[in-house]
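What follows is calculated from the coordinates using simple rules that are stated; it is not laboratory data. All values derive from a computational prediction rather than experimental measurement. Cβ placement follows ideal geometry from the backbone for every residue including glycine, while neighbour counts extend to all protein chains displayed.
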Amino acid sequence: MKLPHKSSSYFQLLMISISLAINYCAISVSASKSTDHDLSYFESAALAKPSFKSKNQSSSPAGEKKPAAAAAAAFGADCGTWSAACSDEIMRIAKKPENVKWIKSVRRRIHENPELAFEEHETSRLIRRELNELDISYRFPLAKTGIRAVVGTGAPPFVAVRADMDALPIQEAVEWEHKSKNPGKMHACGHDAHVAMLLGAARILKAREHHLKGTVILVFQPAEEAGNGAKRMMEDGALENVEAIFAMHISHHLPTGVIGSRSGPLLAGCGFFKAVITTGGNGLHRNIHNSGDPLLAASASVISLQGIVSRESNPLDSQVVSVTFLKSGDDNLDTQPTSVEFGGTLRAFSNTSFHHILRRIEEVIIAQAKVYRCSATVDFFKSSDSMYPPMVNDDRMYEHLRKTAIDLVGPTNFRVVQPVMGAEDFSFYSEVVPATFFYIGIKNETLGSVHSAHSPHFMIDENALPVGAATHAAVAERYLHDRDISINGILHRQE
């Protein structure tokens, strides 16, 4: 069979068309295979979308491939699949010079005007002004001065991040430009930094709101130091619809910008007690040999209380029972007191151990009083909200924090820390929803930020602020991202 004769120009056009078709097929196959690689989104985006450049733009040299970071910058990491580019972008926003200047300014303004529990009116007003500037909606007041702000879709899932706002009744001894202007009050526990970092996270999350696959709740809480603001915030709806919550605290034990936490018990449950031992009669005229001796009963009680930890507890389960005061009668050396008061504190890392200590303190004191023919009452101040449960980090939430922090600051800048006997009212949130509490280092020996919290010499390295803001934002955004994948996976399996 003979083919019709064609001119050479027609034949050249035919061969060009065939070549283009073959190249197009090769590109299509390459694009379909690229989904197995980390840069699949960027590669498919580059292949699927034509490039429109101005006359002044230049192309990359032929055959030169862009690294992941450059590709992310070129196309914008949409984080449909979470990658290092997402974490890098969050940190890049946090460390923009204008953002660093702003976050330091926020912290310094709060530091200059410290306010005690449930008196954080100016601090709350400052936060609301900043939220208004960011066009972030919020509910106010909760727990008198608290705020519940919302960023994201407004739909489930909901994840919360919390910062405390109150200061301490301490006279600041640090001489610097932004020293406390309120005599006898100081941000000696870093709550000014906590607020600044959460506002910094709000700015980042708002800039990336189109990436959020759910809703972030920003909880600005009063009265962590005294008054149990956490319980009041929950009573006013701070955790409405929330399924997980995170919080961060500055630490002078960790170098600046280092993140630290652990799974399980992190902070102790804390409580206080006061005992009153009494006997009948008048100390001056009664027959001592026919009546009890409250001073002897109190002394025996104090000694016996030491056995609760040393003889009744697992030595690997740290607990504390400490008597911190004892008072009896007046300074008249010729009379026997009719009553003696004493009290102290108790701490434990589990609810089981904590409630065991509570029960045994009361049993020991009442029994010892009876031995010495006296009566006793024990008050644990339960009605005053001074009893805090242990802060036990949820395993899954801790693992989420750990992987997010390592992606953000690197594996060498994440530490597994030891539990400490301090207490935090964030533990009340953890009894309602899965929670994790973590630290950010502010230790800088050159700067002098080495003093412990609640010291009049306490100060921080402000270079931790943008890192803290980025950590808050990444923890929240990635939580929503991972939950979205989990939910979609379940729905897919059900189909």
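For His210 and Glu341, a Förster radius of 56 Å and the Cβ-Cβ distance give a FRET efficiency of 0.35, rounded to the nearest 0.05. Going from the residue with the fewest nearby Cβ atoms within 10 Å to the one with the most, Val417, Val409 rank Val417, Val409.
Find how much the distance from His253 to Val416 grows on full extension, using 0.36 nm per residue of separation minus their present alpha carbon separation; answer in nm with one decimal.
Stretched out fully, the His253 to Val416 stretch lengthens by 57.5 nm.
Neighbour counts of other C-beta atoms within 10 Å: give me Asp293, Asp164, Asp334, Asp395 arranged from fewest to most. All intermediate terms of the calculation are to be shown ahead of the outcome.
On the way: Asp293 19, Asp164 28, Asp334 6, Asp395 12.
Ranked by crowding around the Cβ, least crowded first: Asp334, Asp395, Asp293, Asp164.
What FRET efficiency, computed as 1/(1 + (r/R0)^6) with R0 = 56 Å and r the Cβ-Cβ distance, is obtained for His178 and Leu333, rounded to the nearest 0.05?
Details: r = 53 Å, r/R0 = 0.94.
Once the sixth-power term is evaluated, E becomes 0.60.
Using 0.36 nm per residue and subtracting the Cα-Cα separation, the extra length available between Glu133 and His457 on full extension is 113.3 nm. In this structure, the amide hydrogen of Asp164, modeled 1.01 Å from its nitrogen in the peptide plane, lies closer than 5 angstrom to those of Gln221, counting only residues at least 5 positions away or on a different chain. Per residue, the Cα convex hull of segment 84-171 amounts to 135 Å³. Summarised as an ellipsoid, segment 427-466 has semi-axes of 28, 13, 7 Å, derived from the eigenvalues of the Cα gyration tensor scaled by 5 and square-rooted, with the largest first.
Taking the beta-carbon count within 10 Å as an exposure proxy, list Thr377, Thr324 from fewest neighbours to most. Provide the component values of the computation, followed by the final result.
Working: Thr377 13, Thr324 9.
Ascending Cβ contact count within 10 Å gives the list Thr324, Thr377.
Neighbours of Glu462 by Cβ distance under 11 Å: Lys/Arg scored +1, Asp/Glu scored -1, total +2. Shown here are the Rg and Dmax of the Cα trace of segment 269-384, at 15.3, 51 Å.
Quote the Stokes-Einstein diffusion coefficient, in whole µm² s⁻¹, for segment 382-495, based on the Kirkwood radius over alpha carbon pairs, a temperature of 25 °C and a viscosity of 0.890 mPa s. The Stokes-Einstein estimate is 146 µm²/s.
Diagonalise the Cα gyration tensor of segment 131-232 and give the resulting equivalent ellipsoid semi-axes, square root of 5 times each eigenvalue, largest first, whole Å.
Working: eigenvalues 170, 50, 20 Å².
Listed largest to smallest, the semi-axes of segment 131-232 are 29, 16, 10 Å.
The equivalent ellipsoid of segment 353-400 has semi-axes of 35, 13, 4 Å, largest first, where each one is the square root of 5 times an eigenvalue of the Cα gyration tensor. Using the Cβ-Cβ distance between Asn488 and His355 with R0 set to 41 Å, the FRET efficiency works out to roughly 0.45.
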